[in-house]
Amino acid sequence: MRVLLVGDGAREHALALLMARSSAEPRIAALMKNHNPGIERVALETGGRVYHGSPTSPEDAVRAAEDYGAELVVIGPEEPLFAGVADTLRERGFPVFGAGKASAMIEMDKVYARELMWRHRIPGRLRFRGFSSPEEAAEYARAAGDVVVKPARQAGGRGVRVFAQPMEHIEAGEAAAGYAARLAEEMRKRYQGLRYTVIVEERVDGVEYTVPVVSDGETVVALPAAQDNPHLFPYDTGPETGGMGAIAGPAPLLPFLEQSEYRETLEILRKTLEALRGETGEPYRGALSGQMMLTGLWGPVVIEYYARLGDPETSTLLPLVESDFLELLDRAARRRLAGYRLEAREDVYVVVKALAPAGYPLNRGRARGHPVAFDVDAARERGCELLVGGVTRSSDGGFVTTGSRVAEVVCWSSLGHEDASRRAEEMIASGAVRLLDGHPLVHRWDVGSGEQLTWRMRMAELARTSYRRRREKGLTRVYDWVSGKGLIVHDYS
Amino acid sequence: MGLLLAYFYERDQDASRYAYYGVMGLRHRGTVAEAVAATPGGGLVAERLEPWREGFTLPRGYAVAAAFQPSARLHVYAGEAAALVDGGCPPGPLARAAAEKGLREAAEMVAGDARYAPCAAIVLTRSGGYAAGRGYESRRPLSLGGYGFEALYAATETAPITLMGGRWSHDIGAGEAVYGDAEVFEEVRLGGTRRTSLFEYIYLARMDSFVDGVDVYRFRREMGARLARSHGVEADVVVGVPETALPYALGYAEASGARLELGFVSTVGRVRTAVAQLPPGERARLLSLKLNPVPSVFEAARVVVVDDSVVTGLTLKVVVQRLRRLHGAREVHAAVSSPRLVRPCPFQVQVLDEEALVARHLDDDEIARVLDVDSLAWLPLGETVSYLSGHGIEPCTHCMG
């Protein structure tokens with residue numbers, strides 16, 4: 001089968017490897033802006049090729065698909081979906097794995113996602129307000145107290161600030177107001193024609209996890225849960241990133257996620273897909289991921305949706321998935337998913353660690369342009385996989401960093417996450433990924449460690465005690481009393 | 001007697017707004033502190049502060065660190081680097097190493113150099129780097145946490161981290177240090193023994209904190225229970241001397257079967273008489289204002305008074321006299337929720353005068369006679385050590401015996 005893969009990051013490298021195992025003997029071509037040597041290698045090994053172009057350009061995608069005679073197009077990242085690449089390709093008759101532009105709004109526009117959830121009373125909701133003007137955003141944030149201020153448009157997982165309160169003594173209101181106004185300005189400059197620039201949401205605490213599903217518009221296939229680590233530094237400190245590592249397994253759960261919570265999350269995703277179908281009129285052919293938090297308030301709560309598979313969560317699928325993954329993507333694209341069964345290994349613990357050049361994400365200029373070397377074969381000899389991410393070809397034929405995460409190390413073990421984490425550390429220490437000019441690489445040694453798992457399990461247990469109690473008592477409402485305005489009821493049922 | 005760090009990754013943030021509450025969360029440890037801020041313009045500004053004084057201020061900057069005297073000291077070297085060291089070690093050489101050789105060397109010095117073995121330290125540099133670590137036989141604890149995606153926090157105990165809106169997420173081990181800035185985070189692990197001061201658990205820390213991973217409140221309740229078992233007296237009523245002794249009294253009452261009563265009301269709020277540095281007459285006046293008995297609790301009762309420590313014995317003596325003289329207690333037993341304090345601390349975690357330590361000079365019978373109590377029990381040292389060793393800590397018990 002001739003498959004065109006759109007995108008050039010570590011997630012697409014993982015997708016290429018997953019598809020390459022298929023009995024359909026795919027020949028994988030890739031449309032890339034940055035010349036990712038990992039993806040190129042899979043392309044060449046399967047008898048495919050590389051197309052240079054912009055993954056967000058519908059024209060480039062059509063040109064590549066036509067030239068290649070693609071029988072399936074698989075879109076990895078979100079930006080091509082926002083740009084309507086999937087729609088244009090479908091109009092030209094190509095089967096595409098990837099949500100249409102209207103459906104991808106669920107990720108692109110955070111206000112739309114929240115509105116959809118409230119309109120359809122999908123569980124896992126949070127209170128929110130969307131703003132277009134900096135002044136209004138500031139005004140609201142000042143009074144709202146316990147809030148998270150985010151860009152209203154997906155901005156590569158950046159720009160989220162949490163303002164602490166119950167710590168009312170910290171006067172988070174003023175800080176939140178100032179930030180909301182600045183962010184609104186910044187978003188207005190960066191993106192044209194946004195309905196809203198800033199979203200202010202109620203703050204929740206708990207344990208985060210991601211559950212992805214694949215849909216053909218009717219049938220939904222659940223994939224194993226994973227946990228992403230958005231902080232740049234160990235011990236959950238440091239600036240927000242696109243994800244510095246993930247753990248998964250034993251499939252489909254996580255050590256701190258129970259079966260009932262996983263099932264509820266799937267139900268949330270199913271209802272979201274139904275609601276989207278109703279509103280857009282188009283069948284959702286692609287992946288939808290719930291970036292979730294297990295909270296003391298309502299149990300599983302949606303922090304945000306991805307209209308695609310997550311990065312680095314996708315990498316955890318490499319050792320977990322036993323079924324023919326290409327068949328899954330292909331049948332979703334052709335709306336023939338009914339009857340597909342995903343087999344995933346229940347005896348494997350997976351740890352993924354991302355490596356980023358120092359400077360990412362706050363100062364990408366300093367993270368960009370460093371010569372980089374990989375040893376993919378050494379990784380395999382150690383029973384791990386090395387996925388190449390933010391790397392491109394330099395003018396002298398070598399490879400340099402693009403300013404984002406450079407690579408992901410995927411290790412697994414039947415003994416536990418700690419063992420998988422130890423092996424990933426050994427691989428990183430052995431120099432499987434190196435910046436040749438000595439610029440530092442950042443990674444999180446704590447991902448998958450015993451210390452981390454203990455913390456996560458403890459937090460999950462605290463959340464569980466609290467939300468189960470609420471449910472036993474049948475509580476579905478939150479009450480505020482504002483002097484002069486009276487009782488305000490928020491009904492989450 | 002404590003350290004604090006609030007380090008924001010983006011320089012437009014004002015860390016002093018947050019650190020202010022961290023300093024308040026440490027001020028049970030002392031009346032004088034020193035603080036330093038790294039400013040967006042690339043400077044270090046140091047100030048002395050008195051955190052009990054109304055409206056105290058901190059220097060402003062994207063990173064702020066503070067050290068509570070006397071055990072913790074600040075040194076700024078040539079305007080380039082500031083070192084804040086807890087445990088009596090000299091901050092000068094560390095500040096100089098950070099300024100001249102860099103953060104990694106400073107982190108290695110804290111974790112591996114014999115001069116810093118018993119201590120904990122925080123470093124800030126003019127260019128925006130930080131380090132935080134503990135010596136390889138560290139007596140002084142240090143915990144890490146984060147504030148959203150915005151800041152790294154460190155503090156001697158965890159309550160200040162939560163008071164600054166953050167979440168505690170790691171305890172730095174002995175011979176371990178972290179360092180970095182907004183772009184990197186590195187760790188030095190040279191190994192060592194957690195010799196965390198027993199005095200922290202017994203007395204110094206707040207009961208809403210964890211210290212080196214140990215829940216202070218649980219420790220105190222459990223030690224209260226063990227104290228009751230080793231004391232073995234028949235009593236009707238257990239009272240604790242506020243504030244520190246209350247969780248011990250709770251544990252004592254639970255284990256002994258005697259009922260817990262609230263025995264005292266303070267007229268001066270929550271003052272730690274041991275922390276307030278006062279002349280003896282003033283101290284006695286403060287004590288009597290702080291410990292006014294609730295009369296009906298004591299009438300004709302066999303009472304166990306749980307106190308958190310006995311230094312000179314003055315507090316307990318004042319209390320016992322009153323209970324006997326004015327309130328008709330039938331028996332008064334003293335249960336001290338600390339082992340005997342017999343030596344000053346070479347790491348300055350407490351700065352008690354050797355001459356003033358009653359347990360150093362008198363045996364238990366003599367002390368009981370001085371206090372005029374029917375029996376006297378100390379928390380067995382072995383119980384504290386075995387409890388903490390279960391948590392991977394070999395506590396420093398130098399001042400106790």
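Computed from the coordinates by the stated procedures, all read-outs in this text should not be read as laboratory data. On a predicted model such as this, the values are computed, not experimentally measured, just so you know. Don't worry about glycine lacking a Cβ; one is built from the backbone with ideal geometry, like all the others, and counts go over all protein chains shown.
By its C-alpha gyration tensor, with a ≥ b ≥ c as the square roots of the eigenvalues, how is the range B:2-195 shaped: rounded for a/c under 1.5, else prolate for a/b larger than b/c, else oblate? Before the final figure, lay out each step's value.
Values: a/c = 1.31, a/b = 1.21, b/c = 1.09.
It is rounded, given that a/c, with a ≥ b ≥ c, falls under 1.5.
Against the longest principal axis of chain B, how steep is helix B:280-290, in degrees 0 to 90 to the nearest 10, with axes from Cα atoms?
Relative to chain B, helix B:280-290 is tipped by roughly 80 degrees.
Kirkwood hydrodynamic radius, computed over distinct alpha-carbon pairs, for the range A:382-493: how many Å, to one decimal?
Details: mean 1/r = 0.0533 Å⁻¹.
This gives a value of 18.8 Å.
Quick one: of the DSSP bridges fully inside the protein assembly as shown, what percent are antiparallel, nearest 5? Spell out each step's value before the answer.
Details: 137 of 170 bridges.
DSSP beta bridges in the protein assembly as shown are roughly 80 percent antiparallel.
Straight distance only, please: which lysines reach the Cα of residue B:317 with their own Cα at less than 25 Å, same-chain residues fewer than 8 apart left out?
The qualifying lysines are B:290.
With equal scatterers on the alpha carbons only and no solvent term, can you work out the Debye log10 of I(q)/I(0) for chain B at 0.06, 0.07, 0.09 1/Å?
Log-scaled intensity ratios, in q order: -0.25, -0.33, -0.54.
Please list the radius of gyration and Dmax for the protein assembly as shown, considering alpha-carbon atoms only, with Å as the unit.
30.6, 103
Calculate for chain A the 222 nm mean residue ellipticity that helices alone would give, adding -39,500 (n - 2.57) per DSSP H run of length 4 or more and normalising by residue count, nearest 500 deg cm²/dmol. All intermediate terms of the calculation are to be shown ahead of the outcome.
Values: 16 runs with 172 residues, N = 493.
Value at 222 nm, helices only: -10500 deg cm²/dmol.
Evaluate the relative contact order of chain A (contact order divided by residue number), counting alpha-carbon pairs under 8 angstrom at least 6 apart; express in whole percent.
Values: 1182 pairs, mean separation 75.9, N = 493.
Averaging sequence separation for qualifying contacts and normalising by length gives 15 percent for chain A.
Pairs A:101/A:271; A:110/A:485; A:33/A:353: which are spaced more than 22 Å apart, C-alpha to C-alpha?
Beyond 22 Å: A:110/A:485; A:33/A:353.
Taking the Cα centre of the range A:2-98 as origin, sum charge times position over the Cβ atoms of Lys and Arg (+1) and Asp and Glu (-1), and report the length of that vector in debye to the nearest 20. Intermediate values should be presented prior to the final figure.
Details: 10 positive and 14 negative charges, 51 e Å.
Taking the Cα centre of the range A:2-98 as origin, the dipole is about 240 debye.
Taking the Cα atoms of chain A, report the difference between the largest and smallest coordinate on each principal axis, in whole Å and largest first.
Taking the Cα atoms of chain A, the three principal extents are 71, 48, 45 Å.
Could you state the angle between the C-alpha long axis of helix A:58-68 and the longest principal axis of the C-alpha atoms of chain A, as a value from 0 to 90 degrees rounded to the nearest 10?
30 degrees
If you take the C-alpha gyration tensor of the range A:1-73, multiply each eigenvalue by 5 and take the square root, what semi-axes do you get, largest first, in whole Å?
Details: eigenvalues 59, 40, 17 Å².
Ellipsoid semi-axes (Å, largest first): 17, 14, 9.
Quick check: from the Cα gyration tensor, does the range A:355-427 come out rounded (a/c under 1.5), prolate or oblate? Numbers along the way, then the final one.
On the way: a/c = 3.76, a/b = 1.77, b/c = 2.13.
Oblate, because a/c is 1.5 or more while a/b does not exceed b/c.
Give me A:409, A:478, A:73 sorted ascending by neighbouring Cβ count inside 10 Å, so fewest comes first.
Details: A:409 27, A:478 14, A:73 30.
Taking fewest neighbouring Cβ atoms as first place, the list is A:478, A:409, A:73.
So how tilted is helix B:216-231 from the main axis of chain B? Cα-based, degrees 0 to 90, rounded to 10.
For helix B:216-231, the angle is close to 30 degrees.
Roughly how many Å is it from the Cα centre of the range B:31-78 to that of the range A:213-274, as a whole number?
Distance between centres, Cα-based: 43 Å.
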